[in-house]
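The next block holds one structure in the form of structure tokens; read it before the comments.
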Amino acid sequence: MPDELEERLERALGELGPGADVTERARSAALGALPPARARSKRPLVLVAAACAVAFVFGGVTLAATGGGLPLVGDEPHHRHPPAQETPARHPAIVLPRGAIAFAAAADGRVWLSASSGTRLAGASATAYELSPGAVWSVVGSEDTIRAVGVQQRGRGFVHRVAGTPVAAAWAPAGIRIAYVVRTPHGHRLYDMYGNGAHDFAVAGRVAPVEPSWRWDSLAFAYVAAGGRVMVHNAIAGSTSAVARACGVRDAAAIAFAPFGGLLAIADAAGRVEIVDTLHRSPTHCERGQPGAPALAWVRPRQVIVGSGRAITRYDLHGRFAGADVTNTPATVAGLAAGMDGRRLALALREADGSVRVVEARTPRFSEASHPLRLYRALAHLGRVTGPVRLTWQ
Amino acid sequence: MRTLGDGELVVRARQGSREAAGELFARHWPGAWRVARAVTGRRDMADDVAQDAFERAFAALGRFDRRRPFGPWLHRIVVNRSLDLLRSERRLLGPEGLERIEGEWRDQAGEDRELLAAVAGLSPQRRVVIVLRYGLGYPPTAIAALLGLPVGTVNSRLARALEDLRRHEQERDAGRA
């Protein structure tokens, strides 16, 4: 028979209840997660079988007529795709920066690409775009699909149906996983899958449309939850951690893991920058830069550059030159990427009329704050672009 | 109209019935949220955990064995997600963050406020069994099955948790006196 304490526990715990808005939101999200309905009738299967038979016959005839020149169809869900260079150029091409094997710019649903293999894209349609490590492959988002397309050579890719429109994708440094964000009627959702397009995992049902960032060891990645809070998801264990808010960053707009270790740079549109060690209890660095949509690029394991407004700020977390240096830019920074050795930068600069040009510049050295940014050359003119420009340098 | 059991609702939800899935949600959402809230001790975290658990459960309905009860399966997901999140918060937020977590119980009104604060102060393992036993009414054998623990371990944790809570109450009364 329950004593008084147990009765009080039942009463107190039983009175806990969720808010109505939370309930409605959770209900929508849960119903949205339902798997597609199972087919009740065998009729569609019959139709599919008949279509396959027709395709097989006509495909054989066509193959015979073309000397076997058509791409092969592989096991579901993998398909072979033509390499990216066959996309017709409707916009000016982009130039490959010095030392890069591939360079891409993505903005407003379009993508520009230049690779050492000769692959070119110029304003091709893509809701999300990401190069694989080594730029062997790229993933291209469109409507409700993510495709893998060969960059360095022709090869078998995959087509993966997703639960919305892909808006951001991040390939793990080891190439084994891809984290991606899709836009759905219920908000943005985050998934990750194997690098071959198999085994989708739902990670979070409410996220911000910010590109995830993988840790160097490919075991975890950071993302921004719907409330603007930064989370770190362990892709192996499936667990998720919240990153402490130590610098007043309320609505993270850009995140980037360092190329080695657990340092994670977080920036918001108000100019606040937080650099936190997610693996150790090292002190968190709080910085303040110019307001504006931020872009992040690590140039060393402990040096990160933040571009926002009309400046780029280089933060050094240790060493003789520890501190921050600000270098002004000739226009508003709309995108930023660093070369593999960290000595060169690619900057997307938005002019007052909204047009964006991509330039290659020297990474500013410390104590060069008073010097103007040294520009090497223009890489592309993207025309009028309203959103952020995502630059990828491989 | 006949009230359908959870198993039948699961079957219909698998076949694409949003009404059936909605009914499952309506039945189990308050309990799932209560578990998440009581285990994590935080309203915002409970919102995320409970929603995430439901999304995972619904996404995995195709693999669910309909002969087994739906509620304990869902509550197990909620408990595991809550503990995962607490562990990671402890690592990332440090002791200051945990103090903040426990402090949020103070928004509870009435005489049970301090009791809930005491529950939040229990270790996560003891908190879980208390919540499942008194928040959802599971008997110890069901809790043992749900958590994959021996019944003796569950009974032991329950007894020690109640002992902790009684001690807390006595100390509080002594302090007032």
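The values are calculated or read from the model by the stated rules, or taken from the named source; none is laboratory data. This is a predicted model, so every value here is computed, not measured. Methodologically, a virtual Cβ is constructed for each residue, glycine included, from the backbone with ideal geometry; neighbour enumeration extends over all protein chains shown. The accessibility values were calculated without ligands, DNA or RNA, using every heavy atom of the protein model including side chains. Shrake-Rupley method; radii C 1.70, N 1.55, O 1.52, S 1.80 Å.
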**Request:** For segment A:289-347, enumerate the residues that are touching a residue at least 40 places away in the same chain (Cβ under 8 Å), in a loop (DSSP other than H, G, I, E, B) and surrounded by 18 or more Cβ atoms within 10 Å (Cβ to Cβ).
**Result:** A:GLY292, A:ALA293, A:PRO294, A:ARG302, A:LEU317, A:THR329, A:GLY339
**Item:** strands (runs of 3 or more DSSP E) lying entirely in segment A:128-177 (those with 3 or more residues that are under 16 Å from A:ALA105 (Cα atoms))
**Value:** A:128-131, A:137-142, A:165-171
**Fill in**
Taking segment A:1-23 and the residues there that are under 38 Å from the mean Cα position of the chain (by Cα) and modelled with pLDDT under 80, the one that is nearest to the other protein chains (Cβ to nearest Cβ) would be A:VAL22
**Prompt:** Can you name the number of the only condition in (1) modelled with pLDDT under 90; (2) part of a helix (DSSP H, G or I) that B:GLY16 fails?
**Reply:** (2)
**Message:** Every residue in segment A:188-214 that is over 23 Å from A:LEU31 (Cβ atoms) and away from chain B (no Cβ under 14 Å), please.
**Reply:** A:TYR194, A:GLY195, A:ASN196, A:GLY197, A:ALA198, A:VAL210, A:GLU211, A:PRO212, A:SER213, A:TRP214
**Request:** Please go through segment B:149-173 and pick out each residue that is hydrophobic (A, V, I, L, M, F, W, C) and under 14 Å from B:ARG133 (Cα atoms).
**Result:** B:VAL151, B:VAL154, B:LEU158, B:ALA159, B:ALA161, B:LEU162
**Message:** On the basis of being crowded, with 20+ Cβ neighbours inside 10 Å and either among the aliphatic types (A, V, I, L, M) or in contact with a Ser or Thr (Cβ under 9 Å, 6 or more places away or on another chain) (or both), does A:ALA258 make the cut?
**Reply:** yes
**Fill in**
The number of residues in segment A:95-105 that are within 18 Å of A:GLY150 (Cβ to Cβ), open to solvent by less than 50 Å² (accessible area, probe 1.4 Å) and of a type in the set (A, V, I, L, M) is 4
**Fill in**
Inside segment B:143-166, the number of residues satisfying the requirement of being open to solvent by 60 Å² or more (accessible area, probe 1.4 Å) and within 11 Å of chain A (Cβ to nearest Cβ) is 2
**Fill in**
The residue that is least open to solvent (accessible area, probe 1.4 Å), considering only those in segment A:272-286 that are assigned to a loop (DSSP other than H, G, I, E, B) and within 11 Å of chain B (Cβ to nearest Cβ), is A:THR278
**Search result, residues across segment B:45-63 that are out of contact with any Phe, Trp or Tyr (no Cβ under 9 Å at 6 or more places or on another chain), more than 8 Å from chain A (Cβ to nearest Cβ) and closer than 28 Å to A:ALA12 by Cβ** = B:MET45, B:ALA53
**Request:** Please work out if B:ASP52 is part of a helix (DSSP H, G or I) and surrounded by fewer than 16 Cβ atoms within 10 Å (Cβ to Cβ).
**Result:** no
**Asked** Restricting attention to segment A:215-250, which residues are hydroxyl-bearing (Ser, Thr, Tyr), within 8 Å of another protein chain (Cβ to nearest Cβ) and buried (at least 20 other Cβ atoms within 10 Å of the Cβ)?
**Response** A:THR240, A:SER241
**Request:** Considering each residue of segment B:1-48, count those that are open to solvent by 40 Å² or more (accessible area, probe 1.4 Å) and within 19 Å of B:TYR134 (Cβ to Cβ), and give that number.
**Result:** 2
**Message:** Could you check segment A:26-35 and list, in sequence order, the residues that are in contact with a Lys or Arg (Cβ under 9 Å, 6 or more places away or on another chain) and within 7 Å of another protein chain (Cβ to nearest Cβ)?
**Reply:** A:ALA29, A:LEU31, A:ALA33, A:LEU34, A:PRO35
